[in-house]
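All remarks here apply to the structure that follows.
The values are calculated or read from the model by the stated rules, or taken from the named source; none is laboratory data. On a predicted model such as this, the values are computed, not experimentally measured, just so you know. Glycine gets a Cβ as well: all are built from the backbone with ideal geometry, and neighbour counts include every protein chain shown. These area figures cover heavy atoms from the full protein model, side chains too; ligands, DNA and RNA do not enter into them. Shrake-Rupley method; radii C 1.70, N 1.55, O 1.52, S 1.80 Å.
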Amino acid sequence: MRISKDLDNPVRASWFADQSYRLDASPYLSGAYEARKLLERLPKTVPLGLLTRQHNGVFHAGRVSRRWVTDRNHGVPFFSSTDILEADYSHLPLISKKSVQENPKLTIRRDWILITRSGTVGRMAYARPDIDGYACSEHVLRVVANQGVVLPGYLYAFLASPYGIPMVVSQASGSIIQHIEPDYIVDLPVPRFEPVIEGRIHKLIQEAADLRAKAQTGVTHATRDLFESAGLPELADFAWHKQSRATGFTVQGITTASLRALNYDARARRIADLVRGVDHISLGEICAEGELARGNRFSRIPVDRGNGVRLIGQEHIFWLRPEERWIALKPGEIAQLRVVDETIMVACQGLLTERSLIGRAAFVSGSWTQYVYSEHLLRVRSGIGGIPNAYLFAFLRSEAAFRMLRSLCAGTGPQDINYILRKQIPVPLCAPEDRERIAETVRQAYRWRDEADMKEDQALALLGDAVREAAG
């Protein structure tokens with residue numbers, strides 16, 4: 001019989017009375033109860049509500065009428081409950097400024113703690129400085145630290161730790177769709193330590209947030225730099241929805257590669273024609289000696305944490321930190337399903353809706369090369385030395401490239417990107433020195449992302465050490 005998930009904090013006889021002498025394992029090993037009992041051994045804890053902004057420091061926006069727009073002059077980037085987990089905020093939808101004016105609680109500010117409260121509850125994010133003033137769904141709780149009492153980075157580190165998350169999740173109610181309300185978590189015990197300890201943890205979390213904001217600015221600048229250097233400034237701020245809709249058009253030279261009208265969309269062809277008007281090369285030529293193919297299929301056999309390899313799929317590859325999913329694989333399979341540093345991954349399967357992932361590109365570098373990746377991702381690697389993968393990513397992450405890739409979908413149910421037509425996508429070629437500069441901008445952005453992850457991990461480790469030392 002298992003006695004504990006953490007041998008440093010075993011189940012104690014006194015716990016049985018609290019649970020009416022239940023002898024099944026679940027109440028004691030769920031994580032939340034274990035965390036509460038551990039925190040009871042600390043010299044000082046304070047209820048969460050007393051550490052937040054006075055008069056409504058834990059709240060959500062409430063239900064609102066969502067009016068969507070396509071022009072940033074009339075809208076505000078809007079986070080859904082899943083969007084708060086993303087690394088790149090370039091693809092957020094826009095909610096009308098009027099909707100935000102009608103309900104100012106939609107607005108979020110830097111250093112706030114965001115917690116998903118409906119569906120999958122307890123996912124968390126720390127609001128970076130670059131999203132100050134964005135809007136956020138009513139399905140996300142806002143926790144606003146009273147900075148005269150507690151530093152927000154420290155409070156986030158605790159709530160996002162192995163002690164905080166189980167307690168937040170345990171407060172969920174609902175038999176079908178679970179949810180949490182502000183009142184459910186205001187009494188959660190938050191440990192307090194010496195100011196120097198809390199200050200160090202806060203500093204690491206804040207530095208991580210700043211680095212992630214710099215990384216976002218870096219990749220965005222790299223894409224703009226590419227188009228301006230290539231003589232295509234009109235594609236730097238390309239607005240797909242402002243283009244005339246392709247309600248009727250003719251196409252010459254159709255081949256057996258496809259008879260689907262979507263693959264010849266006039267708006268996507270206009271983008272391709274613009275790129276072909278400058279020095280360019282096809283994606284197929286770039287990847288002829290590299291890689292332009294989906295990964296192998298494989299069986300997914302789940303295993304406990306640390307007993308296999310972590311799998312990344314189409315959704316999690318775009319997240320700041322992927323959720324853990326461990327599977328068992330043979331050594332030969334692991335080698336086939338990992339990717340080399342600076343590989344570009346394009347989501348290429350699923351249903352074709354405006355908010356689906358098909359066509360979005362991600363960049364695998366640094367610590368992310370330790371994972372294995374699903375077959376639903378298209379691996380893209382340059383085989384030409386003068387065209388770095390980081391440069392190619394700066395193009396493929398753009399709205400223009402995204403729309404060209406989207407236009408090449410094939411299939412009657414789940415879509416895929418046509419394996420013949422994708423080779424024909426034109427890629428603009430800047431001068432060699434421009435390509436290297438743009439590639440280095442991307443690489444630096446991803447170094448900042450890795451550094452941010454390390455700082456966040458250090459903060460959580462410091463918190464864990466402080467809790468265990470105080471608990472004795």
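In sequence order, what are the phi-derived ³J(HN,Hα) couplings for region 285-302 according to the Karplus relation 6.51 cos²θ - 1.76 cosθ + 1.60 with θ = phi - 60°, rounded to whole Hz, with x for glycine and proline?
Taking θ as phi minus 60°, the curve returns 5, 4, 9, 4, 9, x, 8, 8, 7, 6, x, 6, 7, 7, 7, 9, 10, x Hz for region 285-302.
Enter the accessible area per residue of region 307-364 (Å², integer; probe 1.4 Å; all protein chains in place). Provide the component values of the computation, followed by the final result.
On the way: 2510 Å² over 58 residues.
Heavy-atom accessible area per residue stands at 43 Å².
So if each residue of separation counts as 0.36 nm, and I subtract the Cα-Cα distance between Gln424 and Lys97, what length gain in nm does that give? Working shown, then result.
Details: separation 327, 0.36 × 327 = 117.72 nm, distance 3.96 nm.
Gain on stretching Gln424 to Lys97: 113.8 nm.
Tell me which chymotrypsin sites (Phe, Trp or Tyr not before Pro) from region 224-258 have a DSSP coil assignment and no more than 15 other beta carbons within 10 Å of their own.
Values: sites: Phe227, Phe238, Trp240, Phe249; in loops: Phe238, Phe249.
Counting only loop positions with at most 15 other Cβ atoms within 10 Å, the chymotrypsin sites (Phe, Trp or Tyr not before Pro) in region 224-258 are Phe249.
Can you tell me how region 161-267 classifies by the Cα gyration tensor, rounded, prolate or oblate, using a/c under 1.5 as the rounded cut? Intermediate values should be presented prior to the final figure.
On the way: a/c = 4.28, a/b = 1.88, b/c = 2.27.
Oblate, because a/c is 1.5 or more while a/b does not exceed b/c.
Multiply the residue separation of Gln147 and Thr70 by 0.36 nm, subtract the distance between their alpha-carbon atoms, and state the gained length in nm to one decimal. Walk me through the numbers on the way to the answer.
On the way: separation 77, 0.36 × 77 = 27.72 nm, distance 3.64 nm.
Full-extension gain reported as 24.1 nm.
Rounded if a/c is under 1.5, else prolate if a/b beats b/c, else oblate: with a ≥ b ≥ c from the C-alpha gyration tensor eigenvalues square-rooted, which is the chain?
Details: a/c = 2.02, a/b = 1.71, b/c = 1.18.
Note, shape of the chain comes out prolate.
At a 1.4 Å probe radius, carbon and sulfur cover how many percent of the accessible area of region 312-410? Working shown, then result.
Details: 1720 of 3240 Å².
Whole-percent figure for carbon plus sulfur exposure: 53.
Using Cα pairs closer than 8 Å and at least 6 residues apart in sequence, work out the relative contact order for the chain, in percent. Spell out each step's value before the answer.
Working: 820 pairs, mean separation 80.9, N = 472.
Relative contact order here is 17 percent.
Rounded to whole Å, give me the distance from the Cα center of region 202-244 to that of region 152-193.
Spelled out, the Cα-based centre of one part sits 33 Å from the other.
Sum up the lysine pairs in the chain that clear both bars: alpha-carbon distance under 17 Å and a spacing of 8 or more or different chains.
5
Okay, helix-only estimate at 222 nm for the chain: each DSSP H run of n ≥ 4 adds -39500 (n - 2.57), divide by all residues, round to 500 deg cm²/dmol; what do you get? Spell out each step's value before the answer.
Details: 14 runs with 156 residues, N = 472.
The helix-only estimate for the chain comes to -10000 deg cm²/dmol at 222 nm.
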